[in-house]
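For reference, the structure discussed in these notes is given below.
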Amino acid sequence: MTVQELPPVELTTPTGPMRTNVFAPAEPGRYPGLVFFSEIFQITAPIRRTAALLAGHGFVVAVPEIYHEFEPAGTVLAYDQAGADRGNALKTTKTLQSYDDDARAVLQHLASRPDCTGRLGTIGICIGGHLSFRAAMSPNVQAGVCFYATDIHKRGLGQGMNDNTLDRMKELSAEMLMIWGRQDPHISQDGRRIVYDAMTAAGVNFTWHEFNGQHAFLRDEGARYDPDLAMTCYRLAIDLFRKKLGQ
């Protein structure tokens, strides 16, 4: 399908307006909705291209600015050390409640859109993978995809760095797709095992894939990009969403 980028929407949250970019098939109709959570750099060019790719497979894709209460609308952090330092600092400045409030706002927006069927999924990369995981705990989410979700194993999301994601596994009724890179220095084998064991103990319906890839292997900029692996993983994600959300 050809894709259109719709005008951004400003969603109301307890910590202020949250700009959310929306990508959708150009052909009129009603499509399942996806919340797509970015890396710490917010809505960069690679994130926009991934959102367009997903939309082109028949989904309305909403991409929120995860640091909207700290940065002016439209801010994109650079893929450099300064950008990484700022993104990582905000990751643990923002409260866990604010992350959850933001996810709720985007899910409610998608469910209310006239171009959305109300069937909802979540997807995210890096910190966005963790946010996708938490958003998938919403009872109206049918499927969740997490690319190398950071900090679940060490409870490192949000102010205080003591998140409760591991404790809330039993709230997941969505089918989950977990994708990891074995050469990712941010999530060790022991860290991945903590997440796997917690999901298994909670009875979560999930598929688990570990590939020979580095952190950010999905990002189509930089030396760690693996196009062949990215294509494989996109197909896994799209197949799950079509199975659970319909076409």
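The values are calculated or read from the model by the stated rules, or taken from the named source; none is laboratory data. Keep in mind the model is a prediction, meaning the values are calculated, not measured. Because the Cβ atoms are built from the backbone with ideal geometry, glycine has one as well, and the counts that use them run over all protein chains shown.
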Go through the range 45-70 and report how many residues are surrounded by fewer than 17 Cβ atoms within 10 Å (Cβ to Cβ) and farther than 22 Å from Leu34 by Cα.
1
Here is a check on your reading of the model: is Glu171 under 15 Å from the mean Cα position of the chain (by Cα) and either at pLDDT below 95 or closer than 21 Å to Leu120 by Cα (or both)?
no
Neighbours by Cβ (under 9 Å, 6+ apart or cross-chain): first from the range 189-209, under 19 Å from Val145 (Cβ atoms); second of a type in the set (Val, Ile, Thr) and surrounded by fewer than 17 Cβ atoms within 10 Å (Cβ to Cβ)
Phe206/Thr200; His209/Thr232
What are the residue pairs meeting all of these: first residue in the range 233-247, first residue small (Gly, Ala, Ser), second residue part of a helix (DSSP H, G or I) and at pLDDT 95 or above, Cβ atoms under 8 Å, and 6 or more apart or on different chains?
Ala237/Leu54
Unique match (being out of contact with any Asp or Glu (no Cβ under 8 Å at 6 or more places or on another chain), outside any helix (DSSP H, G or I), crowded, with 16+ Cβ neighbours inside 10 Å and modelled with pLDDT of 95 or more) among Gly144, Gly158, Gly191, Gly129:
Gly158
Ala55 being closer than 25 Å to Gly158 by Cα, out of contact with any helix residue (DSSP H, G or I) (no Cβ under 7 Å at 6 or more places or on another chain) and of a type in the set (A, V, I, L, M):
no
Within the range 25-47, of all residues that are in a strand (DSSP E or B) and not aromatic (Phe, Trp, Tyr), the one farthest from the chain's Cα centre (by Cα) is Pro25
Among the residues of the range 30-44, write down those that are closer than 17 Å to Val9 by Cβ, touching a residue at least 60 places away in the same chain (Cβ under 8 Å) and either surrounded by fewer than 17 Cβ atoms within 10 Å (Cβ to Cβ) or among the aliphatic types (A, V, I, L, M) (or both).
Leu34, Val35
Of the residues Leu6, Leu34, which is among the aliphatic types (A, V, I, L, M), in contact with a Phe, Trp or Tyr (Cβ under 9 Å, 6 or more places away or on another chain) and closer than 26 Å to Thr150 by Cβ?
Leu34
With the checklist (1) surrounded by fewer than 19 Cβ atoms within 10 Å (Cβ to Cβ); (2) under 23 Å from Gly58 (Cβ atoms) in hand, flag the one item Ala202 doesn't pass.
(2)
Complete set of residues in the range 161-188 that are buried (at least 17 other Cβ atoms within 10 Å of the Cβ), farther than 25 Å from Ser98 by Cβ and charged (D, E, K, R)
Glu175, Asp184
Where a residue in the range 3-17 is surrounded by 14 or more Cβ atoms within 10 Å (Cβ to Cβ) and its partner, wherever it lies, is basic (Lys, Arg), with Cβ under 9 Å and at least six apart:
Glu5/Arg48; Pro8/Arg19; Val9/Arg19; Leu11/Arg19; Thr13/Arg104; Thr15/Lys94
I'm trying to understand the selection: among the residues of the range 161-188, which are part of a helix (DSSP H, G or I) and either in contact (Cβ under 8 Å) with a residue 12 or more places away in the chain or under 13 Å from Glu210 (Cβ atoms) (or both)?
Thr165, Leu166, Arg168, Met169, Lys170, Glu171
